[in-house]
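What follows is a short report on a single structure.
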Amino acid sequence: MRITVLAGGIGGARFLQGVRAHARTLPDGDVTAVVNVADDTRMHGLRISPDLDSVMYTLGGAHDAERGWGQAGETWTVSGELKAYGAEPTWFGLGDKDIATHLVRTTMLDAGYPLSRVTEALCTRWNPGVRLIPATDDRLETHVVVDLPGEGQRAIHFQEWWVRHRGNVPTHRFVFVGADAAKPAPGVLDAIAAADVILIAPSNPVVSIAPILAVPGLRDALASASAPVVGVSGIIGGSPVRGMADKCLATIGVECSAAGVGALYGPRADGGLLDGWLVDTADAGLEIPGVRVASAPLWMTDETATAAIVSAALALAA
Ligand code: GDP
Ligand code: CA
C-alpha cells in the first residue's frame, strides 16, 4: 500500500512516526511525505529547513522530544559566539549539531543541487524509513503582514513572526512568496498520482499545509488523484494542542475547531480536499456535508497511539 502524506514540522513528524509504524505491519507498506518548505530561510549564510529537519531528526530518532525541535544532546557554542559579535538575527538559536546539517545543505545547494536531492543525501545518514520530498525545490516563503510598533505595516518572514514575536503582534495575513512561480519538486506529483491513500497530517492548516497546496499543480493533483484523501484534525476540542494554529486560524477568520478546519479544507466533491476527516472523540458527532467524518483519540502521545490514529484514518479511506 502506497501512502502519501502532506506534512509540516513537529505535528507532521509525530504523525509520520505512526504512519511508518503502521506501514511496517503491511506486507507492502510504502510511505512518501511531501513536506512544507515555506518556513525555510537563510540565517548567518546558512539555509535552514525547519520542517524537513523536524521530520528527518524525528524519524531518524535524533530529535529532542522535550524541546520539540532540533536534535537531542544539542550544544549552543556557535550561537553564543554569534551573539557575542552581535551578529543578527540574535533571536534565532542554532544548535551546533543543527549547524552541521545546515552547512551540508547550504554547500550542496550552492553547488547547484536542488533541495530534493540535498534532502535525499541528508536522509542517507538518518534513514527515516519514509521518502521525504520537499513540496518544491523553488523559493517559497511564508511572510506575515503585521503592524510593528513605530514601523507601521510590514511583511516579515514567518520565523521572525513566530520565533521573535511569538505571534504576539497585530497580524493581518499570510503571503506565500514565490508560490506563483514554484513547481512541485520531482516525485511530488507522482507520489500523489500513484498513492493508494493520501493523508493530510494534523499539521498547521494555515502555515504548514496551505503553503504546500499553494504550489501550482498540487491542488489539481489532489483533486484528480484516484486515491481517497483523508485529513486528521490537529485541533482537539477547540485547542491547537501545541503550536500556533489558533493564532493562524484567527488571522484568516477560521474558527479554531475540528469543524472550522474541516470546513476550510472542504469536500473534494465540491472543489475542496477531503473525502474523509478524522476528528478526536471530543469532537465526535461533527458533520461536514460531502465528507465522511469519524472520530478516534487523536493525542499523539507515543508511536503506538499514533499508529492507531493512522489505522483509523485508513479505515475511513477504505
Ligand atoms: P510545525 O511545522 O513544527 O509547527 O508543526 P506542524 O505544522 O506539522 O504541526 C503543528 C500542529 O500539530 C499543531 O498546530 C497542532 O494542531 C498539531 N498537533 C500537535 N500535537 C498533536 C497531537 O498530539 N494530536 C493532534 N491531533 N494534533 C497535534
Ligand atoms: Ca513549520
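Only the coordinates and a few stated rules stand behind these numbers; no lab work does. Not measured: the values here are computed from a predicted model. With ideal geometry, Cβ positions are generated from the backbone for all residues, glycine too; neighbour counts draw on all protein chains shown.
Key figures for this structure:
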quantity	calculated
Shape of the range 193-235, Cα gyration tensor, a/c cut at 1.5	oblate
Beta bridge orientation in the chain: antiparallel %, DSSP, nearest 5	45
Student exercise, the chain dipole from Lys, Arg, Asp, Glu Cβ charges, in Debye to nearest 20	180
Highest-MSF residue in the chain out of SER208, SER49, SER224 [GNM, Cα springs under 10 Å]	SER224
GNM result for the chain, Cα springs below 10 Å: residue of ALA100, ALA13, ALA191 fluctuating most strongly	ALA100
Nearest-20 debye value, the range 53-168 charge dipole, Cβ charges on Lys, Arg, Asp, Glu	200
Residues LEU26, LEU286, sorted so that the one with the fewest Cβ neighbours within 10 Å comes first	LEU26, LEU286
